[in-house]
1. Could you give me the radius of gyration and the Dmax of the stretch 97-144, taking only the C-alpha atoms into account and expressing both in angstrom?
2. Give me, ordered by chain and number, the residues 5 or more places off Asp138 or on other chains with an amide H under 5 Å from its own placed amide H.
3. Extending each Cα 7 Å along its Cβ direction at Asp120 and Glu14, get the distance between those two points in nm, one decimal.
4. Taking amide H atoms as placed 1.01 Å from N in the peptide plane, list the residues 5 or more away in sequence, or in a different chain, whose amide H sits under 5 Å from that of Ser124.
5. Spelling out what I want: for every residue of the stretch 94-104, take phi, set θ = phi - 60°, compute 6.51 cos²θ - 1.76 cosθ + 1.60 (Karplus), and round to whole Hz; glycine and proline get x.
6. Using label points projected 7 Å from each Cα along Cα→Cβ, tell me how many nm separate Ala93 and Asn30, to one decimal.
7. Show me, for the stretch 116-126, the HN-Hα J-couplings you get by feeding each phi into the Karplus relation (A = 6.51, B = -1.76, C = 1.60, θ = phi - 60°), rounded to Hz, glycine and proline as x.
8. Check which residues have an amide H placed less than 5 Å from Gly131's amide H, if you skip close sequence neighbours.
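Here, each number is a calculation from the coordinates, and none is a lab measurement. Being a predicted model, the structure only gives us computed values, none of them experimental. Using ideal geometry, Cβ is built from the backbone for each residue, glycine included, and neighbour counts are taken over all protein chains shown.
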Amino acid sequence: MQKLNFNINGKHYEATITEIEHNVAEVELNGKKYTIDVERSEAVSVPHIATPAPAAAAPVAAAPAAAPKKVAAGANSVTAPLPGSVVAVKVKAGDAVKAGQQLLIIEAMKMENEVLAPADGTVSAVHVAAGQAVQQGDALVDLA
């Protein structure tokens, strides 16, 4: 979920993007819900509207030194909700996590999307690294 505040011609707008799947986004704008089709145009430059990664983080475009092998999702796997590029991994094997805690961030369509823990547990394995491309359904993190 991402929240945006902006002004157009002096009028304030508050938008919450709750879900993006394929080219369809669920957006709440000033309290009213919309389902919108997202079109990409190469002729238009869209600014990055999400919070940038800290300066010390590796650039998103850089490939990881040794990209982990893709692992099939298991019963306890948290999977990628959409295709994109892993921006940051916030947990490591052995970490205790609470339901709703941020596990990692995936950038897709120039937006950063948080991947959250579905339940309390312990991270038993992390299958991705920052800079790695993922497809929808790829295993990201295993919880025990």
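1. Over the stretch 97-144's Cα set, Rg and Dmax evaluate to 11.0, 32 Å.
2. Ala80
3. Those two pseudo-labels are separated by 3.1 nm.
4. Long-range HN contacts for Ser124: Gly94, Asp142, Leu143, Ala144.
5. Values per residue, Gly and Pro as x: x, 5, 7, 10, 9, 3, x, 6, 5, 9, 6 Hz.
6. It is 5.2 nm.
7. Whole-Hz 3J(HN,Hα) from phi for the stretch 116-126: 10, 5, x, 7, 5, x, 10, 5, 9, 7, 10.
8. So Gly131 has HN proximity to Val86, Val87.
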